[in-house]
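The values are calculated or read from the model by the stated rules, or taken from the named source; none is laboratory data. On a predicted model such as this, the values are computed, not experimentally measured, just so you know. Counting neighbours? That spans all protein chains shown, and the Cβs are built from the backbone with ideal geometry, glycine included. Accessible surface areas use protein heavy atoms only, side chains included; no ligands, DNA or RNA. Shrake-Rupley method; radii C 1.70, N 1.55, O 1.52, S 1.80 Å.
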Amino acid sequence: MIRTAFVLLGILLLWPSYAWSQTTWRIAQGPSTVGFKVQHFYFTHVDGVFRSFNGTVVRSGDDFEGAQINASISVASVYTGIPARDEELMQPFFFDAEQHPDLLFESTSFEHVGDSTYVITGMLTIRGVTKPIELHAVRHDERIIRDGKRRVDFLATGRLDRFDFGLEWNKVAEFGNAIVGKMIDITLDVVLIEE
């Protein structure tokens, strides 16, 4: 019995410290923003946001290097400031929200590349099509908030070709140019709260 106790104690002492410091952080929907920008008529842009989303980040240790992200965004929560346009985006020729109600993201790499900068790669699913995407993120300092929990903010940006995901609907203006550009710029202003 005593020998067994010593063996268990030895295992606990030798166990990697990160195994005890794994933490889960939840995306705070209120202060976070999931935004996008797309070229419109080749001389202006349309800005939009998704107002409903959730996700978690699981990290081991004191840094987000190697952290795992899982997130989903409700397609029906898209807002561009024009209700008729938002409704069009829900239709089968674009997001097809009835068949594919969520955009999904799962990280494959979370690499610390500078003092407070990271490169995050992962798989993004839109309309049932999954493609890799790379995000460049800047982390702000962690701080203690209510109930002793920690908060950290990230600002991440990326770009995708909507045609890669089957979002190929387009209208052509009288002068021959497409109304909506192919490339979409993404800006994620994310607040993470430790659970």
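Assuming R0 = 30 Å, can you tell me the calculated FRET efficiency for the pair S52 and M183, based on Cβ-Cβ distance, to the nearest 0.05? Once the sixth-power term is evaluated, E becomes 0.75.
With the simple model of a label 7 Å out from the Cα in the direction of the Cβ, T157 to D86 spans 2.6 nm. Per-residue surface analysis assigns H100 an accessible area of about 60 Å², computed on protein heavy atoms at 1.4 Å probe radius.
Exposure check, 1.4 Å probe, all protein chains in place: F64 carries approximately 0 Å² of accessible surface.
Per residue, how many Å² of accessible area does the range 22-155 show with a 1.4 Å probe?
54
Ordered from highest to lowest accessible area with the whole protein assembly present and a 1.4 Å probe, D185, D147 read as D147, D185.
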